[in-house]
Amino acid sequence: MTILVTGGAGYIGSHTCVELLQKGCEVVIADNFSNSSRDVPARIARIAGKQPQVCELDVADCQALEQIFAAQHIDAVIHFAGLKAVGESCQIPLRYYRNNLDTTLTLLETMERHGCAKLVFSSSATVYGPKNEIPYVEGMDTSATSPYGWTKVMIEQILRDYCAVNPDFSAVLLRYFNPIGAHESGLLGDDPNGIPNNLMPYIVRVAAGRLPNLTVFGGDYPTRDGTCLRDYLHVVDLAKGHLCALDYAQTHTGAEAFNLGTGDSVSVLELVRSFQRVNGVSVPYVIGGRRDGDLAEFYANPARARDELHWTAEKSVDDMCRDAWHFIQTRLSEA
Ligand code: NAD
Ligand code: UFG
């Protein structure tokens, strides 16, 4: 099988490429490196013992994408490419709509021209919006609270509409909860430029002395310790979920959504304490005000992925903390 992985140099994409290569797939990465480093494909190859093909392009560039499909038979596509920062999407909404929607539309049109009918799409738990009960179940209504979230809601709808009139097409919509952690080799992980928006990259930089302290956004939520609860899952478990989704697409058509989460919820302070205990380091923090748009608690009902994709998250919060720390240490020792 030859799999086109858009955004394959990014955080989740790179871990997925490793799993695909290790399973014997040919991998073609299409990435413009707008949020990833050009040395990632070599790191993927070091872990997997096999080289991915790398095409540097904007996935919204119709001609460049056409060349990939013209040069080889693509059996399926995993579509990670997109912009993903919730806060930034509120500041520059047009860039988010343009990038996330254009990449998807160009990709679908190119796939159609070449008879490629299997797509796995990176959706998000954010599509459950602010009003659903927890745990989230796939049949719930979707909504959003940010332009980023709306791009995911809209792309899911585009894929449902497309599948409705293309009965041979399979679109697997994977709704990720909160992926954290890194590859156990220390070679791949979440390495955002600038000051991180997300919790785990922030924690590791504080522990490494790169940032003075963590600000916990809100200590007065109606939760067991007053801080927000999330369903954190290990990025390698998440990567494996994409292989399960590709298997599913071999025998199913239509647009089908699956939650990829553990079904457990962990608070901000619980994650900080686990990180300190597992790694024997200190993470100084202060309790600050709430961050706009944060929900007190959400987590997955992962039953559908378990029953139909035959996927279950296996790694623990301790694994996530250990691997995230190992990655940043490897990164700093290379610098
Ligand atoms: P990431 O930013 O690390 O990876 C995305 C990759 O896509 C990057 O390598 C970037 O350079 C590339 N890219 C962006 N726009 C492109 C374009 N127009 N053409 C070519 N390449 C482009 O992000 P990630 O954390 O790996 O997330 C991957 C996908 O999963 C995204 O669609 C994101 O919205 C979704 N997702 C992520 C999370 C999370 O917590 N990380 C949660 C839910 C959903
Ligand atoms: N947090 C802090 N301090 C920080 C950063 C985060 O206290 O410096 C808290 C947040 O308030 C939240 C929790 O840590 O309570 C997790 O925050 P993240 O930013 O790591 O993750 P979110 O749950 O806000 O959102 C993430 C992705 C979204 C995605 C969502 C569901 O960023 O794109 O998970 O998948 F939609």
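The values are calculated or read from the model by the stated rules, or taken from the named source; none is laboratory data. As the structure is a computational prediction, the values presented were derived from the model and not from experiment. In this analysis, Cβ positions are derived from the backbone assuming ideal geometry, glycine residues included, and neighbour counts consider all displayed protein chains. For accessibility, only protein heavy atoms count, side chains too; no ligands or nucleic acids. Shrake-Rupley method; radii C 1.70, N 1.55, O 1.52, S 1.80 Å.
A few points about this structure:
- For the pair Thr251 and Gln63, the difference between a 0.36 nm per residue extended length and the Cα-Cα distance amounts to 64.6 nm.
- 0 to 90° range, to nearest 10: angle between helix 62-71 axis and the chain longest Cα axis: 70
- Dividing the convex hull volume of the alpha carbon atoms of the chain by its residue count gives 123 Å³ per residue.
- Cα-based shape type of the stretch 34-75, given that a ≥ b ≥ c are square roots of the gyration tensor eigenvalues and the cut on a/c is 1.5: oblate
- Rounded FRET efficiency, nearest 0.05, which uses the C-beta distance separating Asn213 from Met1 and R0 of 51 Å: 0.65
- Given +1 at the Cβ of Lys and Arg, -1 at the Cβ of Asp and Glu and no other charges, the dipole of the chain around its Cα centre is 740 debye to the nearest 20.
- For the stretch 179-335: relative contact order, % (alpha-carbon pairs under 8 angstrom, 6 or more apart): 39
- Per DSSP, loop trypsin sites (Lys or Arg not before Pro) in the stretch 175-257 with at most 15 further Cβ within 10 Å: Arg210, Arg224
- The phi-based Karplus calculation (6.51 cos²θ - 1.76 cosθ + 1.60; θ = phi - 60°) puts the 3J(HN,Hα) values of the stretch 307-317 at 6, 9, 8, 6, 10, 9, 5, 10, 8, 8, 4 Hz, whole numbers, x for Gly and Pro.
- Tensor-based shape of the stretch 11-86 (alpha-carbon gyration tensor, a/c under 1.5 rounded, otherwise prolate or oblate): oblate
- Positive-end residue of Leu229, Leu295, Val281, charge dipole of the chain with Cβ unit charges: Val281
- Helix 93-113 vs. the chain, principal-axis angle (Cα, 0 to 90°, nearest 10): 30
- FRET efficiency for Leu105 and Gln276, using Cβ-Cβ distance with R0 set to 45 Å, rounded to 0.05: 0.50
- Percent of beta bridges antiparallel (DSSP, the stretch 167-320, rounded to nearest 5): 10
- Counting Lys and Arg as +1 and Asp and Glu as -1 over every other residue whose Cβ lies under 13 Å from the Cβ of Ala249, the net charge comes to -4.
- Proximal charge balance of Thr145 [Cβ under 11 Å; K/R count +1, D/E count -1]: -1
- Estimated inter-spin distance, Gln51 and Ala296, nm [label 7 Å along Cα→Cβ]: 5.5
- For Phe169, the residues whose modelled amide H falls within less than 5 Å of its own, excluding neighbours fewer than 5 places apart on the same chain, are Gly254.
- With θ taken as phi - 60° and the Karplus curve 6.51 cos²θ - 1.76 cosθ + 1.60 applied, the whole-hertz 3J(HN,Hα) list for the stretch 33-44 is 6, 5, 9, 7, 9, 5, 8, 5, x, 5, 5, 4 Hz, x standing for glycine and proline.
- By DSSP, the beta bridges lying fully in the chain are antiparallel in about 5 percent of cases.
- R0 of 35 Å, Cβ-Cβ distance Arg98-Ser185: FRET efficiency to nearest 0.05: 0.50
- Nearest 10 degrees, 0 to 90: helix 147-165 Cα axis against the chain principal axis: 30
- Straight-distance crosslink candidates among lysines, where the alpha carbon sits under 19 Å from Lys131 and sequence neighbours closer than 8 are dropped: Lys152
- Electrostatic bookkeeping for Leu295 treats Lys and Arg as +1 and Asp and Glu as -1; over the other residues with beta carbon under 11 Å from its beta carbon, the sum is +2.
- Its relative contact order, with pairs defined as Cα atoms under 8 Å and 6+ residues apart, puts the chain at 18 percent.
- Theoretical gain in end-to-end length, Ser34 to Glu133 [0.36 nm per residue, Cα-Cα removed]: 32.1 nm
- Ser124 long-range amide H proximity, modeled H, under 5 Å: Tyr176
- Apolar share of the accessible surface for the stretch 193-335: 47 percent from carbon plus sulfur atoms, 1.4 Å probe.
- Linear extension gain, Asn198 paired with Glu308, 0.36 nm per residue minus alpha-carbon span: 36.6 nm
- Per residue, the solvent-accessible area of the chain (1.4 Å probe, heavy atoms of protein chains only, all protein chains present) comes to 42 Å².
- Dipole magnitude (debye, nearest 20) for the stretch 103-169, charges at Cβ of Lys, Arg, Asp, Glu: 140
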